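K.L.:
Here's a structure for you.
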Amino acid sequence: MTTSHADEALSTLPTFPAPSSRAEYEAALKRLHDASRSYYGDGDSVLDDTAYDRLRLAVLAWEEANPAEVAPDSPTGLVADGAAPVGDVEHTSRLLSLDNVFDAEGLVAWGASVQRRLGRAPAGGFTVEPKIDGAAVAARYREGRLVQVITRGDGSHGEDVSHVIGQIDGLPERLAEAVTVEVRGEVAFTQEQFEAANAVRTAHGAPAFVNPRNGTAGTLRAKDRPYRLRMTFWAYGVVELDGVAFLPAGSTHHDALVAVAAAGVQTTAASAAGLLVVPGLAEAQARVDAIAAMRAELPVGIDGVVVKLNDSAEQAEIGFGSRFPYWAIAVKLPAVERQTVLQDVVWEVGRTGVLAPTAILAPVEIDGSTVTRATLHNPADIRRRDLHLGDTVTVYKAGDIIPRVQAAVVHLRPAGATPVPLPEACPRCGGEINTAQERWRCAQGTSCALPALIEYAAGREMLDIDGLGKTYVAALVESGDVRDVADLFTLTIDRLTAASGSSKRAAKLAEQLEAAKARPLSRVFCALGVLGTGRSMSRRIARHFGTMDAIREADALGMQDVEGIGPEKAPVVVEQIAALAPVIDKLIAAGVNMTEPADPAGAPGGPLEGKVVVVTGKMTGPLEGFGRSEMNALIEKAGGRAGSGVSARTSILVAAPSANGKPSSKAVKAAELGVEVMTPDAFAELVAEGSHREAGATL
Ligand code: IVH
C-alpha cells in the first residue's frame with residue numbers, strides 16, 4: 001500500500017477506530033505487530049483480514065498525518081509488515097510483494113503511474129491472473145530436480161522448507177527436462193485439501209486451522225508433524241538460477257508461464273480463473289470483474305486479481321520500489337472470510353427427515369451483506385471440528401453461496417464453553433433419531449414432516465380439498481393410511497370413515513378428493529412441496545413445461561429456462577423431483593391430472609401481455625378479499641407479470657384507496673416515474689375484458 005492510497009482506501013473500507021493520540025497510535029501499532037505476526041507466521045489468527053486491513057490503514061493514516069512521530073519499528077513500510085519469520089537462505093533476487101488497489105479507479109490510477117514512469121503508454125499489453133491467497137515460495141530446480149523450497153521471509157532472506165518437497169501438488173520433484181530455474185509462486189490449500197487437513201489435524205488432537213492461508217504458513221514451516229498434509233502450488237513468476245538462461249530473450253510474462261507449465265509446474269494460468277493477455281486496462285477491469293464473479297466456484301481461495309505489464313522490457317524499464325514492482329498491481333477483492341461468534345446451533349428437519357444443523361452467528365458483514373446464519377454439515381462434522389458454543393469461528397461466504405463455518409479459533413475460546421449440544425430427540429416431532437449414518441434422521445423419516453405437508457397439499461391454492469383439516473390429517477397419518485400425498489387418492493370410504501368418525505363426512509371428502517384429481521398441473525405440482533417452488537414458481541414451471549412428463553424429463557439446464565430458476569436452484573429442484581418419482585407415479589396411477597390447461601388470457605393478446613403489474617393496499621369492489629397470491633394469479637392469467645416494487649419497469653400500479661386518504665409511498669413513486677395507477681375497480685374491468693373472450697373464465 002503506498003501512502004497516497006491510504007486515504008482513498010480508508011474511504012472505501014469501513015474504518016477502524018483511528019488513533020487520535022500518540023498513546024493510541026502505539027497501542028494500535030502493538031495490535032498490528034501481534035496481528036501481522038500471526039497473519040504471516042504460523043500462529044493463530046487474532047484478526048480477520050478486514051479488521052487487519054482496517055487497523056493497518058488507520059495506523060498508516062496516523063503516520064501520514066504525523067510523519068515526525070512514526071515509530072522506527074513501525075511495520076507499515078516493510079515487506080510483509082516485517083512480521084514473516086526470516087530465514088537464512090538468501091534469495092536469488094528480492095522476493096517482493098504487491099501494491100494494492102481496491103477498485104476500478106485504483107486500477108486506472110495505477111495505469112496512469114505506469115504511463116508516467118514509462119513516459120508513454122505501455123505497448124505490450126497487460127496480463128490478468130488470480131491472486132492466490134496462500135504463502136509465497138521460491139522453488140529451485142537444478143538439472144530438472146527440485147532441490148530447495150524457500151519461504152519469502154523478509155524478501156531478501158527466507159527459510160528453507162525443503163522438507164515439504166513431495167507434499168505439494170503442481171510442484172513436481174522432477175521436471176520433464178533437465179532445466180535449471182527458480183520458479184516463484186504461491187502455495188495454498190485448496191478448499192478440499194483444507195478440509196482434509198483439518199480432519200487429519202483434529203484426529204491427531206491438534207487444533208483445526210482457522211483458514212487455509214494460516215494453515216499453509218504453518219504447514220510450510222512445520223518439520224516434525226506426525227502427519228503430512230497435501231498443498232498445491234501455482235507459479236506466477238520465474239527467475240534465472242546460477243546464471244543459466246531459462247527463457248529466450250524478450251519473453252513476455254505470458255511466455256514465461258507457458259514455459260514453466262511446459263516444464264511440468266502448475267501456474268496461475270492453469271487455475272479456472274486463468275491468465276489472460278489484454279490490450280488495455282478497460283479489458284483488464286472486465287477480466288477482474290469476471291474473475292471476481294467466479295470466485296465462489298474456484299477450488300482455492302483468492303484475495304484479489306493481479307494485473308501486470310506483459311512485456312519484460314517494459315517491466316525492466318519501470319522497475320521496482322522498495323517493497324513491490326511498479327509494473328504489477330493487485331486489485332484486492334472484498335474479504336469473504338470473517339471471524340464472528342457462534343451463538344447457537346439450531347436443527348431443522350428436512351422433508352425426508354434429515355436433521356440439518358444451522359449455525360446462528362453474531363451478525364457480521366461479509367462482502368456487502370450481513371451474515372447471521374451459516375450451514376454446518378452434520379453432527380459428526382460438528383464434533384470433528386470440535387465446535388463449542390461461544391467460539392469465535394471463521395465464516396466464509398463468496399458470491400451467492402450460503403455462508404459456511406470454516407473452523408473455530410481455539411485460542412479465543414471463552415473459559416467454560418461447552419461443545420455444541422447434539423439433539424437427543426427429533427426437533428420437530430420429538431421422536432427418536434436414527435444416528436446410524438453421518439446425516440442423522442428422524443426415525444419417522446418422511447412421516448415426521450408428513451402432517452404439515454399433507455395439510456399444505458390440501459390447501460385452497462393447491463389441491464383445495466375442503467374439509468381435510470388438521471385433526472383429520474393427523475388421524476390419517478397416525479393410522480398409517482396416508483404416507484404421502486398420493487395416498488389421499490386411494491383412500492376408501494371405510495378408511496375415511498374410520499379417520500373422520502362419520503360416514504357422512506367421509507362421503508363429502510371422497511367427493512372433494514375426486515374433484516381434486518382434476519386440478520391443473522400447477523396446483524398438483526405445488527402440492528408436492530418441492531422446496532423453493534411455491535405457488536407462483538409452480539405456476540411458472542407448469543406453464544413452461546405443460547405436462548408432468550416434461551417436468552420430469554428436464555435436467556438442470558432445462559430447468560433454468562423457467563423464469564426465476566438460476567444455476568443454483570435448478571439442480572436442487574431437479575433432484576427433488578427425481579426423489580419424488582414414487583409419489584408422482586402413484587398420483588398418475590390414481591388418475592390425478594398431470595397437464596396444465598392452455599391459458600388463453602396468458603397467451604399473446606391477453607390484456608396484460610408484456611406488462612409488469614404491482615399491487616398495493618387492501619383490494620376493494622370486485623376484487624375484495626383478493627390476497628397477494630390471488631392477485632398474482634389474476635395478473636398472470638391475463639398475460640402479465642406480478643412485480644413487487646415500483647420501478648421504471650412497472651407498467652401498472654393497482655392501488656387500493658388508503659384509509660387516511662393519503663397516497664401510499666408506492667403511489668407517490670409511481671406518479672414520479674409516470675407509471676399508470678389504477679383503482680381495483682378499473683383494474684378488474686380491464687382484466688375482465690380479456691376473460692370475456694374465454695367462455696367460463698372468471699375473475
Ligand atoms: S506477483 C514481483 N502474482 O501475493 C511480483 N503474486 O500480496 C510479485 N500472489 O507476494 C508477485 N498470487 O505471494 C503475483 N498471481 C500472482 C499472485 C501473487 C498470489 C502473492 C505473492 C505476493 C503477494 C502480495
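The values are calculated or read from the model by the stated rules, or taken from the named source; none is laboratory data. What you are looking at is a predicted structure, and each value in this text was computed from that prediction instead of being measured. Cβ coordinates were reconstructed from backbone atoms using ideal geometry, including for glycine residues, and neighbour counts include every protein chain displayed.
K.L.:
Can you name the condition, by its number, that residue 85 falls short on among (1) more than 9 Å from the ligand (Cβ to nearest atom); (2) closer than 23 Å to residue 334 by Cα; (3) at pLDDT below 95; (4) of a type outside the set (Val, Ile, Thr)?
P.N.:
Here residue 85 meets the rest and fails (2).
K.L.:
Take the residues in region 127-157 that are part of a loop (DSSP other than H, G, I, E, B) and more than 36 Å from the chain's Cα centre (by Cα); name whichever of them is surrounded by the fewest Cβ atoms within 10 Å (Cβ to Cβ).
P.N.:
Looking at the filtered set, the residue picked out is 143.
K.L.:
Note down all Cβ pairs under 7 Å where the first residue falls in region 293-313 and is at negative phi and of a type in the set (Lys, Arg), the second is part of a strand (DSSP E or B) and away from the ligand (no atom under 11 Å from the Cβ), and they're at least six residues apart or on different chains.
P.N.:
Close Cβ pairs satisfying both conditions: 308/126.
K.L.:
Yes or no: region 234-253 includes at least one residue that is of a type in the set (Ser, Thr, Tyr) and away from the ligand (no atom under 15 Å from the Cβ).
P.N.:
Yes.
K.L.:
Let me ask something additional. I'd like the full set of residues that are part of a loop (DSSP other than H, G, I, E, B) and either within 16 Å of the ligand (Cβ to nearest atom) or basic (Lys, Arg) (or both), limited to region 321-356.
P.N.:
321, 322, 323, 324, 326, 327, 333, 334, 335, 336, 351
K.L.:
More than 21 Å from residue 169 (Cα to Cα) and either within 28 Å of the chain's Cα centre (by Cα) or within 11 Å of the ligand (Cβ to nearest atom) (or both): does that describe residue 230?
P.N.:
In short, no.
K.L.:
May I pose another question? Provide a single number: the residues in region 436-450 that are buried (at least 18 other Cβ atoms within 10 Å of the Cβ) and part of a helix (DSSP H, G or I).
P.N.:
Final tally of qualifying residues: 3.
K.L.:
Give region 477-499 a look and list any residue that's of a type in the set (D, E, K, R), part of a helix (DSSP H, G or I) and under 11 Å from residue 450 (Cα atoms), or say none.
P.N.:
Quick first cut of region 477-499, residues of a type in the set (D, E, K, R) only: 478, 481, 483-484, 487, 494-495.
Of the ones still in play, those that are also part of a helix (DSSP H, G or I) are 478, 487, 494-495.
Within region 477-499, just 478 meets the criteria.
K.L.:
Only one of (1) surrounded by fewer than 23 Cβ atoms within 10 Å (Cβ to Cβ); (2) within 16 Å of the ligand (Cβ to nearest atom); (3) under 37 Å from the mean Cα position of the chain (by Cα) fails for residue 171. Which number is that?
P.N.:
Of the numbered conditions (1) surrounded by fewer than 23 Cβ atoms within 10 Å (Cβ to Cβ); (2) within 16 Å of the ligand (Cβ to nearest atom); (3) under 37 Å from the mean Cα position of the chain (by Cα), the odd one out for residue 171 is (1).
K.L.:
OK, next. Of the numbered conditions (1) out of contact with any strand residue (DSSP E or B) (no Cβ under 7 Å at 6 or more places or on another chain); (2) within 28 Å of residue 152 (Cβ to Cβ); (3) in contact (Cβ under 8 Å) with a residue 60 or more places away in the chain, residue 367 satisfies every one except a single condition; which is it?
P.N.:
Against the list (1) out of contact with any strand residue (DSSP E or B) (no Cβ under 7 Å at 6 or more places or on another chain); (2) within 28 Å of residue 152 (Cβ to Cβ); (3) in contact (Cβ under 8 Å) with a residue 60 or more places away in the chain, residue 367 comes up short only on (3).
K.L.:
Given 505, 519, which one is surrounded by fewer than 22 Cβ atoms within 10 Å (Cβ to Cβ) and in a loop (DSSP other than H, G, I, E, B)?
P.N.:
When all the criteria are applied, what remains is 519.
K.L.:
Which of the residues that make up region 295-320 are small (Gly, Ala, Ser) and within 13 Å of the ligand (Cβ to nearest atom)?
P.N.:
Residues satisfying the conditions are 301, 304, 312, 316, 319.
K.L.:
Of all residues in region 125-149, which are in contact with a His (Cβ under 7 Å, 6 or more places away or on another chain) and among the β-branched types (Val, Ile, Thr)?
P.N.:
127
One line per residue, one yes/no per condition, for (1) of a type in the set (Gly, Ala, Ser); (2) in a helix (DSSP H, G or I):
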{"position": "364", "(1), (2)": "no, no"}
{"position": "401", "(1), (2)": "no, no"}
{"position": "415", "(1), (2)": "yes, no"}
{"position": "430", "(1), (2)": "yes, no"}
{"position": "454", "(1), (2)": "no, yes"}
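K.L.:
Here's something else I'd like to know. Just to check your reading of the model, which residue among 224, 160, 242 is more than 30 Å from the chain's Cα centre (by Cα), without any contact (Cβ under 8 Å) to a residue 12 or more places away in the chain and surrounded by fewer than 16 Cβ atoms within 10 Å (Cβ to Cβ)?
P.N.:
Details: 160 fails: without any contact (Cβ under 8 Å) to a residue 12 or more places away in the chain; 242 fails: without any contact (Cβ under 8 Å) to a residue 12 or more places away in the chain.
Answer to the selection: 224.
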